[in-house]
Amino acid sequence: RTLAISYCMAGMYNRLKVPKKELDRYWQASLCKGVAAKTYISALDDGLADEAFMAGLFQDMALPLMHSVACDSLVHILEDKKADVSAQVLAQRRVLGVDHADVGRLLATKLELPDSYVDAIAFHHDPECLRRFVTSEHMVDAIQVSAMFPHMPDQWHPADVELLSEFLKAHAAERFRDRDAFIDAVQSAYDDLYKFLQSGEESGVCLSDLLPEACAELADATSVMMGQMNTLLVEAAEIGAAANELAAKGQKLDDELRFDGLTVAFNRSGFMVAAEEGLAAAREHSQPVAVLYFDVDRFKPTNDVHGHHFGDHVLCEISSRVKERLRVGDIFGRMGGDEFVILITDVEMDEVRTVSDAILKAVRYEPYVSGTIAQKKTISLGALWVPPSACGGGIESLIQSADELMYEAKRSGPGQMRLRAASDSETESHTVPASVPGADGSTNAER
């Protein structure tokens, strides 16, 4: 049963229009999660071993589908070495508007998988919710353990490794000597299963030849299931193709609703939604945030003299330069015209000044060239750092405060920046000097 479902899972992956190298990575990670869940629960209730394996195997089944629709964005998130599993899930929601657990739940429901697997997929990163639907505490723990393994097989964030260590100490100290003993057991079982599934070296034949033989030997027990698995594979391929088309149309519509068509930054409404979610998450984890607000100095004369085509080019290029200075998960939006806003979470005040300086320098470093027109531009920037104690309000008031700081900077001349820290009441603040010179190369001592 495990072998058949594993083979069909690999077949589903291969039907997607995703490069083989990437498919192999997703398949290896899924297989590893399945083995981890089975290894953990086998020491507690061997009767649940196969079910735990499949719950682990299926939990990230949506990632290849999401890759086929939003390749660059998803890979950028999953390959971010600074982000643990939880941060990657949050980044998926911010950047893509949905995470792989949500998409996986919809796909599993369409495939009519058993409810236990649908629940494992939907809530594998939310054990509290999972407990409402899965009666076996051992199964919940096994799913939770497998979810601590990485989404990509070639990198494992230290925070997730430490989380696994603490979980094993608290729940499985008597069954596994330590974390390394558990990982060694998972590694050994994974190597054996992967070698068997991928190469068939033990039997000398390929897996596609083994499956009919196994069905013939165990016809009474497996013939019905194999027929169902073949039907499932065909239906999965059809659903996958339809889902690809539907997801592409949905993504295009969603992009039009949430993103600015010119700069591909969030539009105003898209930014407000994403920023409120980011602010709520920062508030929940007692993290400081920062709001940066800027506009392009003397932009109207640029439009008037050189035309809107060149003005649009300047806005697109500035947007591109700014994005290169931001982290995965930072929220960047165009509020309208030449005004932009950024929300940065989990950031200290000195880091805000560093990134603000980097943005100012990046914008003014090279001229903006289109055809025979070449012009250097600067921005005026207001930066508000908000400690956890002052994160109680909404994003609108923080944007307003950052906007006011931008106008303070603008009154000092082009290319200036103002940074201050918000207090609980937003009545106490202090101004921090910035180290960035203005457009004329001078440094404003008050910044």
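Where a number appears in this text, it was derived from the coordinates with a stated rule and is not lab data. Remember, it's a predicted structure, so these values are computed and weren't measured experimentally. Heads up, the Cβs are rebuilt from the backbone with ideal geometry, glycines too, and the neighbour counts pull from every protein chain shown.
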*Using alpha-carbon pairs under 8 Å, 6+ residues apart, how would you state the relative contact order of region 322-408 in percent?*
21 percent
_Could you tell me the relative contact order of region 37-125? Use alpha-carbon pairs under 8 Å, at least six residues apart, and round to a whole percent._
30 percent
*Two-decimal Rg/Rh across region 84-136, once Rg and the Kirkwood Rh are taken from alpha-carbon atoms*: 1.01
*Cα extents of region 15-58 along the three principal axes, largest first, in whole Å?*
39, 14, 7
*Which of Lys81/Lys110; Lys323/Lys377; Lys20/Lys195 have a Cα-Cα distance over 26 Å?*
Lys81/Lys110
*Any idea how far the Cα center of region 39-62 sits from the one of region 118-173, in Å?*
11 Å
*Rounded to the nearest 0.05, what FRET efficiency is calculated for Arg132 and Asp24 with R0 set to 35 Å and r the Cβ-Cβ distance?*
0.50
*Assuming R0 = 30 Å, what is the FRET efficiency of Tyr194 and Ala159, from their Cβ-Cβ distance, to the nearest 0.05?*
0.70
*Taking every Cα atom in region 337-414, find the radius of gyration and the maximum pairwise distance Dmax, and write them in Å.*
14.8, 52
*Pairs of Cα atoms under 8 Å, at least six residues apart: use those to get the relative contact order of region 124-198, whole percent.*
17 percent
*Mind checking the alpha-carbon convex hull of region 245-384 and giving the volume per residue in Å³?*
116 Å³
*Which FRET efficiency value, to the nearest 0.05, is calculated for Asp45 and Lys323 with the Förster distance at 45 angstrom and r the Cβ-Cβ distance?*
0.35
*Would you kindly state how much longer the chain becomes between Val305 and Asp350 on full extension, computed as 0.36 nm times their sequence separation minus their alpha carbon distance, in nm to one decimal?*
12.3 nm
*Per the Kirkwood treatment, what hydrodynamic radius in Å, one decimal, follows for region 52-194 from the mean inverse distance over all distinct Cα pairs?*
15.9 Å
